1. On the given criteria, is residue 16 closer than 26 Å to residue 247 by Cβ, at pLDDT below 95 and within 16 Å of the chain's Cα centre (by Cα)?
2. Which of the residues spanning segment 65-93 are farther than 20 Å from residue 122 by Cβ, surrounded by 13 or more Cβ atoms within 10 Å (Cβ to Cβ) and free of Cβ contacts under 8 Å to residues at least 60 places away in the same chain?
3. When you scan segment 209-235, how many residues do you find that are surrounded by 24 or more Cβ atoms within 10 Å (Cβ to Cβ) and within 19 Å of residue 138 (Cα to Cα)?
4. Restricting to segment 142-157, count the residues that are out of contact with any strand residue (DSSP E or B) (no Cβ under 7 Å at 6 or more places or on another chain) and either on the phi > 0 side of the Ramachandran plot or in a helix (DSSP H, G or I) (or both).
5. Which condition does residue 260 not pass, out of (1) touching a residue at least 40 places away in the same chain (Cβ under 8 Å); (2) crowded, with 17+ Cβ neighbours inside 10 Å, if it passes all the others?
6. Among the numbered conditions (1) part of a helix (DSSP H, G or I); (2) under 19 Å from the mean Cα position of the chain (by Cα); (3) farther than 18 Å from residue 102 by Cβ, tell me where residue 242 comes up short.
7. Tell me, yes or no, whether segment 94-110 has at least one residue that is touching a residue at least 24 places away in the same chain (Cβ under 8 Å), over 20 Å from residue 213 (Cα atoms) and part of a helix (DSSP H, G or I).
8. Within segment 29-38, can one find any residue that is more than 20 Å from residue 239 (Cβ to Cβ), touching a residue at least 60 places away in the same chain (Cβ under 8 Å) and surrounded by 15 or more Cβ atoms within 10 Å (Cβ to Cβ)?
């Protein structure tokens, strides 16, 4: 398997978000997925009941076990939860992943609104992880937390880019517009509006995880950043569309990661 992707993220036992969503997405793109678990939220489609931390030594040993055996072609980072985990991951990546594309989804809240990043860890994310990132993919509430900027999307994206990532994909799903357009900006000055119609669906659990994992998959496949974002946006739209009529759980259900393989499947 030539195209290997690593997810550094939290757990979702209900299968719609976190490492589970990342692995499904990697597979949907024909990539080989690996994972490092950072935290263990006890959650389902309704919400997060509790979040258990892992010993830092456990996280570090997972990282070493992967890199000593199967060096990834791209890395997707999701839930990091605490300052200590952020510092550990950053130190490791600085040493062992200098030439590997890193996609950061700055996860702060679950779809239910439950916190997945401690408040005092936001500054650590900005200081340690964002400068290492090839691209950061926040939604608007996350971008506002990271920047304090409440302007138009291109303005917010510019402030985000100044934090040190090579590129930003600012997601527009939280706007009130009839469309759900995202804004791409990189440090070469290239910018793009990634446009799509807004889909009304209860099945949106794990959309941020899925999009960022799709970008990481495309980077592992050798696509450039703008193309990776466009392909990932297209994939997520159709995964959302295919899941509209599904019913998984009592809350926000998952997207259909394998819509192109099982086109008529409904749960």
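The values are calculated or read from the model by the stated rules, or taken from the named source; none is laboratory data. These numbers were taken from a predicted model, which means no experiment stands behind them. So basically every Cβ, Gly included, is an ideal-geometry build from the backbone, and we count neighbours across all protein chains shown.
1. Judged against the criteria, residue 16 is a match.
2. Those that are farther than 20 Å from residue 122 by Cβ, surrounded by 13 or more Cβ atoms within 10 Å (Cβ to Cβ) and free of Cβ contacts under 8 Å to residues at least 60 places away in the same chain: 67, 92.
3. 15
4. Count: 7.
5. Here residue 260 meets the rest and fails (2).
6. Checking residue 242 against (1) part of a helix (DSSP H, G or I); (2) under 19 Å from the mean Cα position of the chain (by Cα); (3) farther than 18 Å from residue 102 by Cβ, the one that fails is (2).
7. Checked segment 94-110: at least one residue is touching a residue at least 24 places away in the same chain (Cβ under 8 Å), over 20 Å from residue 213 (Cα atoms) and part of a helix (DSSP H, G or I).
8. No: zero hits.
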